[in-house]
Amino acid sequence: MEKNNLENNEDMCEIFDSHEDVVNRIKHRIPDEAEFTELSEFFKIFGNPTRLKIISLLSIEDLCVCDICEALDLNQTTVSNQLRILRANNIVKYQKEGKMARYSLTDLHIEMIYKVGLEHILE
């Protein structure tokens, strides 16, 4: 049914007559091009299932690399490579505890983005 709506253009205005007052009001509130580019790059980080799994685990508890490997049944090289990408993009941070590196999410925003996305797809 949705395909028919797209083919019939039922989801389009029948006439094109923008509302200048609305357009002027909203144009000043949207981010600039550089901010959209940066935001797009940020969301690309969430486009990898392994990175999402790591974020999922770290939204529950701070973990060392060994625990992440064991929980996801992945080798240390794979996990370390993904953690390096997450760290470079300020998604996760780590703290050395002796010979162990314990990872955590950088802040509550990352957890919220993950959880809201998950909630959305589970609706």
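Values for this structure:
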read-out	value
Filter result (modelled with pLDDT of 85 or more, in a helix (DSSP H, G or I) and more than 30 Å from ARG87 (Cα to Cα)) within the stretch 1-49	GLU20, ASP21, VAL22, VAL23, ASN24, ARG25, ILE26, LYS27
Residue selected from the stretch 11-60 under the condition surrounded by 10 or more Cβ atoms within 10 Å (Cβ to Cβ) and among the acidic types (Asp, Glu), by the criterion farthest from THR106 (Cα to Cα)	GLU35
Positions within the stretch 105-123 being in contact with a helix residue (DSSP H, G or I) (Cβ under 6 Å, 6 or more places away or on another chain) and closer than 19 Å to ASN81 by Cα, in sequence order	LEU105
Failed condition for LEU74, given (1) touching a residue at least 24 places away in the same chain (Cβ under 8 Å); (2) not in a loop (DSSP other than H, G, I, E, B)	(2)
Count - residues of the stretch 50-71 that are in a helix (DSSP H, G or I) and either more than 17 Å from ILE113 (Cα to Cα) or without any contact (Cβ under 8 Å) to a residue 24 or more places away in the chain (or both)	10
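The values are calculated or read from the model by the stated rules, or taken from the named source; none is laboratory data. Not measured: the values here are computed from a predicted model. Note that each Cβ is placed from the backbone with ideal geometry, even for glycine, and that neighbours are counted across all protein chains shown.
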